[in-house]
Structures are given as C-alpha cells and as structure tokens.
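Read-outs: derived from the displayed coordinates by stated rules, not from any lab. Predicted, not measured: the structure shown is a model, and the values here were computed from it. For neighbour counting, all protein chains shown are included, and Cβ atoms are generated from backbone atoms with ideal geometry for every residue, glycine included.
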Amino acid sequence: MPSQRQQQRGEQGKEEGFRRSSNLSQRAMFIEELFKVIKESNVYKNEYSEIVVIIFDNEPSYSQTEVLVPVHDDLGLRRLGPYRLMCNPIENGFRSVTAHIMQYLSLMRDMNQPRTQLTSTGPWISEAEAHV
C-alpha cells in the first residue's frame, strides 16, 4: 500500500501532466490564432502573401507543440537548434527590450517623484538630508 507521501507525489505528477497537456493545447491554440491574425493582416496580404514561419525557442516544453498545431500549407513551424544561452537571439532581444523598459520606468519615476523636497525656508534638500 503506497504511503501518503507517495500518493501526494502521484497526485502532483497527474496535476503536472494535466498542466503540461493544458499548456500544450493552449500554446497550439495561440499559434493557430497568431497564424490567423497574420494571414488576415493588410501588411501580409499586400506585401508578403508567402509562407508564415513561426520559430520556437529550444525550450523542451515546446517539443510537442508543433504536433498539436493544425497543418497549413503556408505555415512553417521551426525550432532553434541547441545553442549557448549567450548566443540566443531571442533572449538577447528580450534583454535589450527589458533594459530599455527599465531605463524608461526609472526616468518616469524620477520625473514624477523628485527625490528632493522643499524646506520651511524654501531651498530644496535631498530626502537623505530631510531625514537627518
């Protein structure tokens, strides 16, 4: 008879399997929806009208997604081969975008909440000086 701990592990495994299959079907639905949006866009119709290629990262969780997406003659699903993380073009792009977003948010925070305050006599002092 399995112990309570083994039963919990079994239930967790079933739950993870359900989540994994649920995520796979959600990814497949997302890819299908993305394909439809691209095909219906004016830019695609006017400029390209070729095959739509969607590239997956080399994440193991994407391995079965290609199988679940319905086959279309003008849809190509590709996966990046094994690579070093430093050489991942997708990650490098996200890092660059994230850096710009963080810089922008920092600038907005500084503009909206100046780090100085007015004293009773009028000159501005820093928050550190105000706490002393």
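Things worth noting here:
- Label positions at residue 26 and residue 57, each projected 7 Å from the Cα along the C-beta direction, are separated by 1.6 nm.
- Calculated from backbone phi, Karplus (6.51, -1.76, 1.60) coupling profile of the stretch 51-56 in Hz, x at Gly/Pro: 6, 8, 10, 10, 10, 9
- Segments 53-60, 25-32, 95-102 sorted - mean Cβ within 10 Å per residue, highest first: 25-32, 53-60, 95-102
- Put a dot 7 Å past the Cα of residue 41, heading toward its Cβ, do the same for residue 67, and the two dots end up 3.0 nm apart.
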